[in-house]
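Scroll down for the structure; my scribbles are underneath it.
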Amino acid sequence: MKNTRLTQKVFVVSLLAAPALYAQDYPAANFQPKVIYSSEAVATQTSSSAPCVAKVAQTEADPKYPAASFQPKVIYSSADAK
């Protein structure tokens, strides 16, 4: 009886620990996207221009469609991105 319980506990612990051990080997675990331009003219043109600011008129929210007035926001900005 004790041997069966011990085997079950070891099995459960190994199932719970396996994803944490293999997560480091995942190829996209530390993915840092970069923009690669095909021409130098495009790269200098986009980096010198100001970011696009959308002007949206505030409208009444429809209770049937709560996501209709969704406004996305940038929550991450990196100084290293050029």
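Below are the figures for this structure:
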item	result
Among residues of the stretch 49-69, those that are modelled with pLDDT of 80 or more, within 24 Å of the chain's Cα centre (by Cα) and in a loop (DSSP other than H, G, I, E, B), counted	0
Residues satisfying the stated conditions in the stretch 29-48, i.e. modelled with pLDDT of 70 or more and assigned to a loop (DSSP other than H, G, I, E, B)	Asn30, Phe31, Gln32, Pro33, Lys34, Val35, Ile36, Tyr37, Ser38, Ser39
Close pairs (8 angstrom Cβ cut-off, 6 or more residues apart or separate chains): surrounded by 10 or more Cβ atoms within 10 Å (Cβ to Cβ) in the stretch 29-55, at pLDDT below 60 and polar (S, T, N, Q) anywhere	Tyr37/Thr46
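The values are calculated or read from the model by the stated rules, or taken from the named source; none is laboratory data. Not measured: the values here are computed from a predicted model. In this analysis, Cβ positions are derived from the backbone assuming ideal geometry, glycine residues included, and neighbour counts consider all displayed protein chains.
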